[in-house]
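**Student:** Here it is, the structure in full.
The values are calculated or read from the model by the stated rules, or taken from the named source; none is laboratory data. Small disclaimer: the values here were computed from a predicted structure and weren't measured. Glycine gets a Cβ as well: all are built from the backbone with ideal geometry, and neighbour counts include every protein chain shown.
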Amino acid sequence: MAKSLSARIAERIARKKPAGNVRNRAAFLALRGEVKQAIDDGWPVKTIWETLHDEEKVAFSYQAFRGYVNRLILSPPADGQAAPVPVVADQPRQVASRLAPQSATNPAERKAEKPTATGFTFNRTPKKEDLL
């Protein structure tokens, strides 16, 4: 069976030795399916990167890898569906999605939610029981 276009492009880029960011993106795109499957299986992004780095399949930094994951795998789809939560450093996808804030999607519900004042409030007039 013939190789996919993505695999052929990745090989061509590797042979031509272009600038680092183009070569890194091509390497990531060639591995995108495997990376997505590992994320869906619940593996932390750092563990995925460490494995690929040890196998010498990627030669770029973890921060660059995480950026590619967020932009090319977890970015919002063009058809307007809800976007997955971007990967937070060293957290599996399931944990990151549980930690994401749950906000109202309906504008009417957002207006009904009033922020509550928290923290310290200063009162100029002291209470007599609080004085010495």
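**Student:** Give me the pairs: first residue in the range 1-29 and under 19 Å from ILE73 (Cβ atoms) and part of a loop (DSSP other than H, G, I, E, B), second residue basic (Lys, Arg) and at pLDDT 80 or above, beta-carbon distance under 6 Å, and six or more apart or on different chains, which are they?
**Tutor:** Listed by first residue and then by second, the contacts come to nothing, as the list is empty.
**Student:** Additional query: Counting only residues that are of a type in the set (Ser, Thr, Tyr) and part of a helix (DSSP H, G or I), which one in the range 30-70 is surrounded by the fewest Cβ atoms within 10 Å (Cβ to Cβ)?
**Tutor:** Ranking the candidates gives THR47 first.
**Student:** Follow-up. Any idea how many residues of the range 55-94 are β-branched (Val, Ile, Thr) and at pLDDT 90 or above?
**Tutor:** 1
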